[in-house]
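Inspection log for the structure reproduced underneath, given as structure tokens.
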Amino acid sequence: MAEIKLLGLAHSYLGSPKVDSDYAIRPLDHTWPQGGTYALLGPSGCGKSTLLSIISGLLTPSEGKVLFDGQEVNHVPPEKRNIAQVFQFPVIYDTMTVFDNLAFPLRNQRVSEEKIRIKVKEVAEVLELTSLLRKKAKGLTADEKQKVSLGRGLVRDDVSAILFDEPLTVIDPHLKGKLRRKLKQIHKQFNITMVYVTHDQLEASTFADKIAVMYAGQIVQFGTPRELFENPQHTFVGYFIGSPGMNFIDAVLEGDFLVLGKDRLPIKKELASRLRSLSPQRLQIGIRPEFVRVAKQHHEHALHGKVLGVEDRGTYKILTVELGTHRIKARLDEDQNVPENEVLLEFPEARLKLYADSLLVEV
């Protein structure tokens, strides 16, 4: 196992970066504690693969340090970092048998053939590859090849972490769930630090104990799937996590009220005071579709919206509402009446989030 720590880490593909946009990875500090399962989640181009390449040693960072168990490894070559990497497209030798592919890393370390046989058998059983050991790799399916690629990392006793770079992209959808469960089983059995890079929030939340959400070259939040859903620290996290994502509505602070077009919402005095001290350029309300309520009758703080459409998703419905200059989503139960034309909405105070210049405001 290994604790992976990043201190003041940054990387640019330009010679003399000057502004944030010049960086593929903007300066950050982050720690993955040893022995956990983690996901690095974000859209294409946000810096996920660059960060993974830096951790594995394929790329040297422009600034900062990478530490494994407290030891700097910036200039330690990949083969000496005791890390296995599983890529989007399996890296195996098609002309070799499955057994020889799994044995290859051990033979490079000059391990005895007896120990190789024992270790390959153990890993093959875990990955359900035993019946394929004598088969040439070129005849395997995509998911079988990916399991062989994973197995090549697991056979080594010195591996302290496994890095996965979009490992299920080429796998048939009906097999993805099975392989994710297999990875969880492997982690439980071998207790190896695992970092899984993906753009798919379902993959991230079903695999990882904690997720690092990446946006524009920065890790904007690190937390459990529930924490990311219920308490997003950045507007991007709210938008990216959930289906649909969080609603965001521009607001103006007037006294102890938030003004949303023609509607006003009261907020606590402490929160209003905090907002005045921040003087943000942009203030936004955030609320998830799951927490928006359709009001049964008019009251002082009900919000007036216009129904634009409804999407039936089988076990629930998604209502699209025009609220001032914004379009928001509300989730309705399957048997809940769908309002027509005009609708009154409620934003429960306990579920309402406020963001000043994209960052969550808390008191």
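Just so it is clear, none of the values below were taken in a lab; they were calculated from the coordinates. From a predicted model like this one, the values you see are computed outputs, not experimental measurements. We place every Cβ from the backbone using ideal geometry, glycine too, and count neighbours over all the protein chains shown.
The 3J(HN,Hα) values that the Karplus relation (6.51, -1.76, 1.60; θ = phi - 60°) gives for the range 9-15 are, in residue order, 6, 8, 8, 9, 8, 9, x Hz. Gly and Pro appear as x. The simple Förster model, with R0 at 35 Å and r as the Cβ-Cβ distance, assigns Q109 and A216 a FRET efficiency of 0.30.
Once the Kirkwood radius over Cα pairs is known for the range 246-360, the Stokes-Einstein relation at 37 °C and 0.692 mPa s delivers a diffusion coefficient of 222 µm²/s. Classify the range 78-170 from the C-alpha gyration tensor, please: rounded if a/c falls under 1.5, else prolate or oblate depending on whether a/b exceeds b/c. In terms of gyration-tensor shape, oblate.
Relative contact order of the range 4-239, please, whole-number percent, based on alpha carbon pairs below 8 angstrom and at least 6 residues apart.
Details: 430 pairs, mean separation 65.5, N = 236.
Once normalised by length, the contact order is 28 percent.
Remark: the T60-E349 segment gains 99.4 nm on full extension, using 0.36 nm per residue and subtracting the alpha carbon distance. Remark: F207, F248, F240 ranked as F248, F240, F207, counting other beta-carbon atoms within 10 Å and listing the fewest first.
If you wrap a convex hull around the C-alpha atoms of the range 4-239 and split its volume per residue, what is the figure in Å³?
About 128 Å³ per residue, rounded to a whole number.
Taking a threshold of 31 Å on the Cα-Cα distance, which of the pairs K80/K136; K80/K115; K48/K178; K65/K182 fall above it?
Numbers: K80/K136 29 Å; K80/K115 21 Å; K48/K178 24 Å; K65/K182 33 Å.
In this structure, K65/K182 exceed 31 Å between Cα atoms.
Per 0.36 nm of contour for each residue apart, how much would the distance between L359 and S21 grow if the chain were fully extended, relative to their Cα-Cα spacing? If you can, show how the numbers build up before the last one.
Numbers: separation 338, 0.36 × 338 = 121.68 nm, distance 1.91 nm.
In short, 119.8 nm is gained.
Do you know the relative contact order of the range 246-360, to the nearest whole percent, from alpha carbon pairs under 8 angstrom that are 6+ apart? Don't skip to the end; give the middle numbers.
On the way: 219 pairs, mean separation 34.4, N = 115.
The value is 30 percent.
Of all DSSP beta bridges confined to the chain, the antiparallel ones make up roughly 75%. Estimated purely from DSSP H runs of n ≥ 4, each contributing -39500 (n - 2.57), the mean residue ellipticity at 222 nm for the chain is -7500 deg cm²/dmol once divided by its residues. For the residue pairs K269/K353; K210/K317; K138/K176; K145/K176; K147/K184; K176/K353, alpha carbon separations beyond 23 Å are given by K210/K317; K176/K353.
Would you mind ranking Y196, Y23 so that the residue whose beta carbon has the fewest other beta carbons within 10 Å leads the list?
Numbers: Y196 25, Y23 22.
Listing Y196, Y23 from fewest to most nearby Cβ atoms yields Y23, Y196.
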